[in-house]
Each structure stands twice: as C-alpha cells, then as structure tokens.
Amino acid sequence: MPRAVKRNARATEPVWEVSPGGPLTDLHEALEASRQEGRKPRRLVIRAGTYQLTRPLILGPQDSGLTLEAKPGEEAVLSGGVRLGRWQRESGGLWSAEVPPEALGSEGFRLLVVNGQLRPRARFPEGGFLQHRSNFTVRWLGTTGGGWERKPTAKERASLRYDPADIPPEMDVSGAELTVFHSWDESLVSVARRDSHQARLYFTGPTGHPPGAYNQHKYVIWNVREGLTHPGQWYLDRSLGRVFYWPQPGEAMRATEAWVPVLQTLIRLEGTEEHAVREITLRGLKLTLTTTPLVPGGFGAYAFPGALALSYARDCRLENLEILHVGGQGIKADHAVGLTVSGCELHDLGACGLRVQGERVRLLDNRLYRVGRVYPSGIALSCSGQSCAIKGNYIHHTPYSGIAVNGDDHRLEGNHIHHVMRELCDGGAIYLGGSRRALLRGNYAHDIRDLRELEMYAHAASYYLDEQCEDCLVERNLSVRVERAYQSHMARRNTLRNNVFLSDTDLILRFLVSTEHRLEQSVLRAAGLVRIAEPQGLAAASDNLFFSESGEIVNAPQGTVIAEPSFVDLERGDYRFAPGSPARKLGIKPVMKA
C-alpha cells in the first residue's frame, strides 16, 4: 500500500512513495491518498520497477500542485501493455503465442516489443512500394482554398484497384492492413474483402483522401504471411487470436519477454476551460506501450491520442521523461498555457513525438527520433497557438517534417534537424503553415533529400513557409546537403537574412505564389546549379553571395556577388569565413551549427 514518507526534518510537503511490491493499483491508490492533502504542493515518488497499468492515471484540477516523479537514479516504467506467454513452435521456423482478449479487441494492434526492442511487422513488399491503379484527378485548391474542388464521395474512399501481378492469388488478405500514401499524409485501413475478378480491395473504413489523389499510387500491405521475409518480423492472425513471430538468431522463445499494447493513454492531465489543471510536474518517468484506433490520422497523424495527454493544463512541467514504443503520439497537449517540456527523449513512436496546442509553451532541449513508425505523417515536434518558444531540440530520422508550426509570434531557435522527410513530401526540417511574425534563428538542418517522384511543388526543404505565412524572419540559419534550402508557398512579406545555404548537388530557393519577400546578406553555395525559382516573389535583395562550382547560376538578384565564400574548412564543417572572404566584406556574420 502507498505510504507517506518524511524526506527530512525540514520537509515542507508531504511525500508518498510507491514501489512495485504492492498491487497493480498502487499508483492510483497513492494518487487518491495524496488528494487528501488538498491543493498544496505534494510529491508522489515512484521507485524502480515496471508498473503495468490497466487504466490511465488521470490527474484533474484536484491534483494541482502535485509532483509525480521517479526516484532519482531509479528507472520507473509505466506500461500500457500485456506480456505474451506460452510460446509454441509452428512450421517454417515460426513461433506463436495467444493474444489476451483485452489486447486483441476488434482492431488488433500494430506494435510488438520483444526483449525491449520494437520488432517490424510483416510487410509486403519487403522494400519499396506497390503501385495501385486507382485515380482521382480532382484539383486540390490548398488548405486555405477549401481543399478539393469537388468533395470525394464515400465510394471513392472505400477501395482501390490493384495490379493483379502484384498480389499473389493465394495471399490471405482477411487480416491485412494497407498504408495508402497520399502526399503529406497517408491512410492506414483494414481490408474487408478482395474482388479478384475486378482486381479491387475493399476497406472496412474510408481513407482520408481517395486512393490516386495528388497523382500518388504508392501503397504497402501489412500483416500477411507473405510479408515475413527475415527474422524479427511478426504478424497477427485475428481469426486465431495469435501472434506469429520469426525469432532472431539466438532468441530462446520460452525465455523471451514479448509485449503488446492495450491502453491508448497512460497518463492524462484533464482540466476544463473553467477549472484547469495547474502546476503539475512529471519528472524522470519512462512511458511505454500504447495502441491506436484504426482510423486515418489526417495531417501529421494528429487524430491519435498521446501516451501522455494534457487538456486545459496551466503552468505544468514535463521534465526528463522517456517515451517509447507507443502507437500514437508521445505527448499530446491541447489548450495548454505556460506548459514547459524540457529534456525529454521521445523515440520509436507510431505517430508524432510531441504535439502541443496552446499559449506561451516552451519546448526546450528535447530529443526526438524515429517517429512515424506506424503513421509516416507523424511529425517529430508540432506546435500551434500563440507565443511559443521551440529551442535547442535535436530531431532526426523521421518520415515527414521535423518541426511543424502554425499560429503567431513563435520563436524557433537553435534546433538541430537531419535525415527527415524520408517517406512523404511537402514538408521540411522546419515547416510553418499560416504563421505570422515567427522568428527562425540559428537552426541547423542537414542531409534532407528532395522527393522527385511527384510532378508538383511538393518537395522536401530545410525551411518551408507555407500558406499565408506573413511577416516572418528567417535569420542566421544553416542548411547543409539539402537541395531545396528554402521554399515559400502562398506567403508574403517574409525576410531571409544572413543565412548560409550549402549543397553538394543543386541548390534552390523557391518563392511559389509568394510576394514581397526580402533576401539579405545570405550565402548560397552549391556543387551544381544555384537557382532562385519564381524570383517575382522577391521584392528586394541586397548583399548576397552566390557560388556554383559548375558555374550555373539562374535568376540571381541584381547586385548579387558571385564568388567563392571561402570557409575555414568546408569539408570538415567549419563554416566560419576565412580571412579575405567576400562574405566578410558584405557584412555577413558567420553562422554556426546548432
């Protein structure tokens, strides 16, 4: 049972300590005990161990002032999963285990953790994508333009035509799921039936956009036996209620720890507009194993819940948390005011890492990587609202954008982002949509590939200001080994000042359907072509320095200096300007790595 513990003789707040020796309801009981102290500061300390939750831990306005933390130096794990047991050998080198009913549900799950590692689900084809034959040629007018010129019908979102040569006739698709790619998002749907005569797959629910929209035809089939191509993979047979797994070399299945998710949320801070949750601190905890409903996630996979969810929280703090192996978002906050998220590590997540909507939010020094493992549209860090600070975050290896922001008066400074935009398009290391008066300063983006499979503007950029971004300042940022260093679309009155853009291929700054931009004291250097695309979007340019090793420079603004910038050591990544560099003469300040 939970017990009160005096920390020292001068302790001014009551402290409850919970250890895994008690019943599984320990955390809930300890929380209830702490409520007897009213709203004054109090502390709930969780000792080392794994706490298997059967329902979310819900903190309400009555818990304001609470600190919920792991004991310093100890690992306290909150899990929303159940362990699989009684593995039995199957044919073909596979093993299987029965799935508890609470995990199987009506939609199953999409994560399996074996010996602490997230294992890949059976995927068909093993690599690359299949190409379906459905088409949807209606024009997209943009988000601010109202979306589709004609709204898709339910029938157009209910199925796709496939190439009969792609799917073997003997493949059992009764438990299969499809990822249907659109452009900046995707739909994960379950197969209801297959019509072999018409070569059509019908879904149990609608896709977010019709298959074939945006001239995209990519799709992948999950959870079929034919998708098992290497050890470590698995699939769920819902009809048998069993997981089938191909062990890795050396894995002794009878001693293996295998877990699947049950809960959608582990901790929820739940206030209302009239009665907010206030001044709660969560510190040092590890959260793992959640699942998601089988519905399209939409842009950014925002539809899915967070392992840690906050609603109407004021002046709360999330510090040094680790969140991993969850099906939806790592952290999701709505109507947050004065929230601080700092020093957290969020990785190997199904959707977004950190999704926050609110005012005066501070997202500081967090590490986010390998998000979007189930829903590739998952964004590492997403923030909307007013006057938020996004500083010092380290983001890498994501299928879509690293940071996505909308709303006004945000500051994005000193973030380091690389290897993003690896599956979807129309995004970037930092993407702003509909933002006004945002400041992007001192950020470092590198190693982002441009997606060439779409014959449209939807590419991968370092810094991307999209629809209705106005009066933003992009200053002293660094872009390295990225072809599309900057892109704006339907934006106006934004200023690019004292940035350094470097590419080992071509280098493009694009101002698509944009007006009144300024380009000042910036360095553009590429091995290949240097190009200003849609230069009519520039209202003014001054003191810029361009250089192309191939000698190809297109649409350089009048007055641009064409010369080698002369860095101290370009190959080793020392981007300070060498003595005598023409950048110094133009008054361009050196841009350092974040």
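Read the figures in this text as sums done on the coordinates, not as results from a lab. Worth saying up front: this structure is predicted, and the values here are computed from it rather than measured. Reconstructed Cβ throughout: ideal geometry from the backbone, glycine too, with neighbour counts over all protein chains shown.
Using the Cα centre of the chain as origin and beta-carbon charges of +1 (Lys, Arg) and -1 (Asp, Glu), tell me which of S503, G434, V341 is placed farthest towards the positive end of the dipole. It is V341. Between A252 and R47, the FRET efficiency from the beta-carbon distance, with R0 = 35 Å, is close to 0.75.
Rounded to the nearest 20 debye, the dipole size of the chain about its Cα centre is 920 debye, using +1 on the Cβ of Lys and Arg and -1 on the Cβ of Asp and Glu.
Separation of the range 527-594 from the range 430-452 is 19 Å, based on Cα centroids.
Sorting the segments 359-371, 565-577, 329-341 by their residues' average number of neighbouring beta-carbon atoms within 10 angstrom, most packed first, yields 329-341, 359-371, 565-577. Take every Cα pair under 8 Å whose residues are at least 6 apart in sequence, average their separation, divide by the length of the range 301-365, and the relative contact order is 36 percent. Estimated from the Cβ-Cβ distance and a Förster radius of 41 angstrom, the FRET efficiency linking S174 and R89 is about 0.95.
Placing dummy labels 7 Å off each Cα toward the beta-carbon, the span from D408 to E102 is 4.7 nm.
Please label the shape of the range 82-258 as rounded, prolate or oblate, based on the square roots a ≥ b ≥ c of the eigenvalues of the alpha-carbon gyration tensor (a/c under 1.5 means rounded; beyond that, a/b larger than b/c means prolate, else oblate). In terms of gyration-tensor shape, prolate. Whole-Hz Karplus values for the range 170-183 come out as 7, 5, 8, 9, 5, x, 7, 10, 10, 9, 9, 7, 10, 9 Hz, taken residue by residue from phi with 6.51 cos²θ - 1.76 cosθ + 1.60 and θ = phi - 60°; glycine and proline positions read x. Each residue of the range 500-508 was assigned a 3J(HN,Hα) from its phi angle through the Karplus curve 6.51 cos²θ - 1.76 cosθ + 1.60 (θ = phi - 60°); the sequence is 10, 10, 10, 9, 8, 10, 8, 9, 10 Hz, with glycine and proline shown as x.
Charge dipole of the range 82-258 (Cα centre as origin; +1 on each Lys and Arg Cβ, -1 on each Asp and Glu Cβ, all else neutral): 300 debye, rounded to the nearest 20.
Once fully extended, how much extra length lies between R449 and W148, figured as 0.36 nm per residue of separation less the alpha-carbon to alpha-carbon distance? Value of the extension gain: 105.5 nm. Over 24 Å apart at the Cα level, from the set K391/K589; K332/K391; K40/K286; K218/K332, are K40/K286; K218/K332.
When peptides 139-149, 27-37 are sorted by average Cβ neighbour count within 10 Å, with the highest value leading, the order is 27-37, 139-149.
For A192, the residues whose amide H sits under 5 Å from its own are Y202, F203, T204, ignoring neighbours fewer than 5 places away on the same chain, with H placed 1.01 Å from N. For the chain, adding -39500 (n - 2.57) for each run of n ≥ 4 DSSP H residues and dividing by the number of residues yields -500 deg cm²/dmol at 222 nm. Each peptide in 161-171, 210-220 receives the mean, over its residues, of other Cβ atoms within 10 Å, and ordering these scores from highest gives 210-220, 161-171. In a reduced charge model with +1 at each Lys and Arg Cβ and -1 at each Asp and Glu Cβ, the range 254-370 shows a dipole moment near 220 debye about its Cα centre.
Normalised by the number of residues in the chain, the average gap of Cα pairs under 8 Å and 6 or more apart makes the relative contact order 8 percent. Straightening the chain between D504 and E32 buys 164.0 nm, computed as 0.36 nm per residue apart minus the Cα-Cα spacing. When the Cα positions of A165, G232, V82 are compared along the charge dipole of the range 82-258, A165 comes out farthest toward the positive end, with charges on each C-beta of Lys, Arg, Asp and Glu.
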